[in-house]
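Written out below as structure tokens is the structure these notes cover.
The values are calculated or read from the model by the stated rules, or taken from the named source; none is laboratory data. For clarity, every value in this text was computed on a predicted model and none was experimentally measured. Here Cβ is always computed from backbone atoms with ideal geometry, including for glycine, and neighbour counts include all displayed protein chains.
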Amino acid sequence: MGGGCRCGAVARLHLLIFLLLLGLGCSNGGRRWAQATLLPQQEVEALKGIATKLNKTDWDFSVDPCSASGNWVNSPTKFLISNVTCDCSFKNRTECHIVSLQLRRQNLSGVLPEEVLNLTYLRHLDLPRNFIQGPIPASWASLPVFNVSLQGNRISGRLPKELGRMPMLRSIVLEGNQIEGPIPPELGNIISLERFFISANNITGELPATFSRLTNMTDFRIDGTSISGKIPSFIKNWQRVNRIDMQGTLMTGPIPQEISLLRNLTELRVTDLSGPSMKFPPLQNAVHLTELVLRNCSIYGEIPSYLGLMQYLKVLDISFNKLTGQIPINFGGMAALQYLYLTSNMLTGDLPDWMLKNRASNKKNMDISYNDLTGNPPSECQQANVNMVSSFSSSNDNSLQPCLRKNLPCMGKPRDSSLFINCGGKSVVVDGITYKDDSSQIGTSTFVLSNDRKWAYSSTGDFVGNENADYIARNTSELTLVHPELYTEARVSSLSLKYYGLCMDNGEYMVKLHFSEIVFTEDRTYSSTGKRVFDVFIQGAKVLGDFNIQDEAGGVHRAITKYFSTNITDNTLEIHFYWGGKGTTAIPYRGIYGPLISAISVTQTRRNHHGVSTGVLIAIIAAACLAVILLLIACYFKISPRKNVAGRQFFNRGSITSELQTRAQYFFTLKEIEYATKHFDPANKIGEGGFGPVYKGTLADGTTIAVKKLSSKSSQGNREFLNEIGIIFTLRHPHLVRLFGCCIDGDQLLLIYEFLENNSVGRALFGHHLKLDWPTRYNICIGTAKGLVYLHEESTLKIIHRDIKPSNILLDEKLQPKISDFGLAKLNDDRGPVSTRIAGTVGYMAPEYATRGCLTRKADIYSYGVVTLEIVSGMSNTNSMSNEEYLHLLDWAERLKQQGKLLEMVDRRLGSDYSQEQALRLLNVALLCANTLPTQRPKMSSVVKMLCGQIPIEIIPDDDDLIEDLQVNMTESRCSVNDSQTDRSQSQMPSNDCSVLLHNNKDGTWSKNSKDSGYLPSSSSSSVKLCSAENICTP
């Protein structure tokens, strides 16, 4: 019996130990076998699906995910987190659920998994800095999460409107992706939303009015997007907001007065606003501000003194504005201030004493460069951490250091005609040329003058979020470039970087800027998702806008050299690199952005005259111009004596002739061209253009060129040749074929262009040597549209191309489109058309141009619409349709639109590998452009906005633009516009009038006039006469 008691006691002891161990397992999840039953199998399977979708291979499913071991939880670091967090408090601690999934900087790939929907208790989804692609699933709207972070991936597509059904969402961080389109207004329904980060995406449109409901907003960031419209006054409803970032958008000012109601603001960054000038916004109530950035916002007036009373303000950047008056004296008492940027304003008065006091211990970084100060000048341009270059108004006061004066004048005799700098690197010798050392470490607010005083640079700005950032970028990968020593290091700046060539000989120069993106990677990691965007100015003129080194070079660690011709007239060269708030700022970590330059080379191409009086100089110039003009006329008459009237008309255009003379260095010799083309070897012939044959050639320096050789049998003749020289010399745009120069030698008239190795869109579409995928086709349409915007609206000379067709759109090595053949281009100055001749290609000419010769920019827009239809469909509009019901491609497109089957037009060779949304956008815009009525066709700038989703695709009446095109000088073309005749009836019109009458009835109907096959309003009221039978309406 005693033995039985002992056995029973032992059994009870074993049971007690078992229960104790079970309790410990339930309480802390430390035993696999005890814990394994606590996480529902549904969530285990969800994790397996997530691992598959994201290619995460290190999760050990033999260990329970809630065990805090087996790679389910790691020790968090700043750069790497892989944590699955469980809550095991359910059902008296017998059941666990996943509440947080953090996978930061894991370099995960794949797509966003819908399996997370099975994690029904998930509250935090954190997947930043990976390589995840694809759209955000609309089904995620049912997630019960508080926080979602997808920053620094490759998420694409549009924001699903369904996300507006996430009432528990507090934070959504999508910064640094490829999301496009407008913000859905439905997101304004998430009234719990506190943080909204959408910076560095392709977001378009305006901020939804529904965002006025987001009264819990605390942190709002839209930097570097294409969001447009005015800054909305509804931000006054965001009473809890403490940070607003609106840098580098397309928004317009002014900053609304209602911002004065945001008393909890601690950080405000608004930069690069377009629109009217404005006074300083009322921020006196934002007493808790620590960072205030209002850069390049067209703010005028004096700096408000209340800023000096903000005791917490650390960063104040109000640079690149129009501020006047003196620097407030109370700024000297701002104890917390660390960075002060007053760069590029119109500030006057004395340099404050407090800026230079105790400069040895002064830790403040200040920049007052490029202002109009008058008194208390310092002895140097850089003292301690204060940059004062060009901060004083006088350029002639010899008591001032030259670097303090406007334009950094040369104090001695100009001595240099070249400059070579290895930006950020040591001195190197390349091809016998020594590139100067530029390896000094600089910080914010810095001006550095070279030891030989021949060049200098000024750097402004600090890197937000990275106080220890380096201002020299260093390559960490193997470079396989020609002359890699120029690209091993590069100078970077967070905001503004200016290089100066000092005491240089006046004249014309070729500036070469060498770039290579050496910070980002080219692999499937988050470091490859960075995007650096900045602007470049030379002598104050913008030469590169929204420049992206990686895109231009075709990848990272590849070199790209940009060439620019410029003129130095005051012995100083200025090259300015400026960050306008665009691109990523946190890849691979925060503080990586801003301009980057690897090397600069400057060589003189023509020297200006020295040592002669103004009168003598004028006489020399006049004589030289006359001699060249007479030479060109002689050559021209020799080639085409029967067309001397055209020659005289061309040379009467003083502006064009002057341009030719100032660019004389772009004239090639016949010997050079014959060498390049091997004496026009037939093997080098690559096509037949409107002028005659086109040859491929290689210049002595290795540059590949295309040479248009004027044919004596050319139907276009020499008039277009001379016209083209004058026009194209002045044009520079990424989507225009660049003219390098010309050759006039006896009977030889040649144009020398850049060579584009992939021929034309026409050959790619209708030939067999190239296959254009959907992204390429989409980019071709947008790039061509941008090129036409430049020709029609942005260039100094307004150009009507007259022959837009696939064979006149060439493709470079990256399949980027470039518009070619300006032999048919029409110069359209402020007075109107200067040509009355029909030129174009059947199938692409607008009806009013083909039938009447009425030529406006709308003719190009019509042609663009037809070409876009061809690019989407892969079919030619000039070929008859196999279906007898339709004559041409345009007929078919219009019928499919009526039937709601427009996507049937998409090239079948693409299969399903295309974006339906983009295809519909292109097709609808194309049909709008190909409208029979010119006034119903949008401007090309509106076309680009429609294609980019910035404005709706709809008819934008444009009568004023059409009338402007047809306002013609009576002397030159006898075409008149009488837009005041808006109430004349049809019966009052001359019987021989061939004008197009513009009228849109209330019902939108139009009637056709049988006399002239034009379109007339069905009502005679409110019409506008555009042209008459005696002018350009007559061929």
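Inspection of segment 182-190 identifies at least one residue that is surrounded by fewer than 22 Cβ atoms within 10 Å (Cβ to Cβ) and in contact (Cβ under 8 Å) with a residue 60 or more places away in the chain.
For (1) touching a strand residue (DSSP E or B) at 6+ places or on another chain (Cβ under 7 Å); (2) modelled with pLDDT under 85, each residue gets a yes or a no:
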site: H769; (1), (2): no, yes
site: L772; (1), (2): no, no
site: C781; (1), (2): no, no
site: T784; (1), (2): yes, no
site: K826; (1), (2): yes, yes
site: P833; (1), (2): yes, yes
site: G840; (1), (2): no, yes
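Mind checking whether some residue in segment 384-396 is within 33 Å of the chain's Cα centre (by Cα), outside the structural domain of G308 (by TED's automatic domain parsing), crowded, with 16+ Cβ neighbours inside 10 Å and at positive phi? Scanning segment 384-396 turns up no residue that is within 33 Å of the chain's Cα centre (by Cα), outside the structural domain of G308 (by TED's automatic domain parsing), crowded, with 16+ Cβ neighbours inside 10 Å and at positive phi. Pairs are defined by a Cβ separation below 6 Å, a sequence spacing of at least 6 or placement on different chains, a first member in segment 442-457 that is under 20 Å from N385 (Cβ atoms), and a second member that is in a loop (DSSP other than H, G, I, E, B) and not small (G, A, S); the pairs so defined are I442/Y471; T444/D462; S445/N385; F447/C381; F447/V389. Taken together, S450, S427, S445, S439 contain a single residue that is among the small types (G, A, S), at positive phi and either at pLDDT 90 or above or in the same structural domain as F515 (by TED's automatic domain parsing) (or both), which is S445.
For (1) surrounded by fewer than 23 Cβ atoms within 10 Å (Cβ to Cβ); (2) over 23 Å from K48 (Cβ atoms); (3) assigned by TED's automatic domain parsing to the domain that holds G580, each residue gets a yes or a no:
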site	(1), (2), (3)
N118	yes, no, no
L127	no, no, no
N130	no, no, no
S139	yes, no, no
G157	yes, yes, no
P160	yes, yes, no
G176	no, yes, no
E206	yes, yes, no
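All conditions but one from (1) surrounded by fewer than 17 Cβ atoms within 10 Å (Cβ to Cβ); (2) without any contact (Cβ under 8 Å) to a residue 24 or more places away in the chain; (3) not aliphatic (A, V, I, L, M) apply to K436; the one that does not is (1). Meeting the requirement of 1 or more residues that are modelled with pLDDT of 90 or more, the helices (runs of 4 or more DSSP H) wholly within segment 893-1005 are 916-929, 940-947.
Selection of segment 683-724 for residues being at pLDDT 80 or above, among the small types (G, A, S) and under 37 Å from the mean Cα position of the chain (by Cα) yields G687, G697, A706.
So, in segment 669-704, exactly how many residues are in contact with a Cys (Cβ under 8 Å, 6 or more places away or on another chain) and surrounded by fewer than 12 Cβ atoms within 10 Å (Cβ to Cβ)? Result for segment 669-704: 1.
Filtered by the rule that a residue be assigned to a strand (DSSP E or B) and among the basic types (K, R), segment 79-108 gives a lone residue, R104.
Residues satisfying the criterion are present in segment 271-281 (criterion: among the basic types (K, R) and more than 25 Å from R158 (Cα to Cα)).
Candidates in segment 531-555 are the residues that are modelled with pLDDT of 90 or more and in a loop (DSSP other than H, G, I, E, B); of these, the one that is farthest from H483 (Cα to Cα) is G540. Taken over segment 104-130, the residue count meeting the criterion of being small (G, A, S) and at positive phi is 1.
Counting only strands (runs of 3 or more DSSP E) that fall entirely inside segment 728-806 and contain at least 1 residues that are touching a residue at least 12 places away in the same chain (Cβ under 8 Å) and closer than 24 Å to T561 by Cα, the qualifying elements are 739-745, 748-754.
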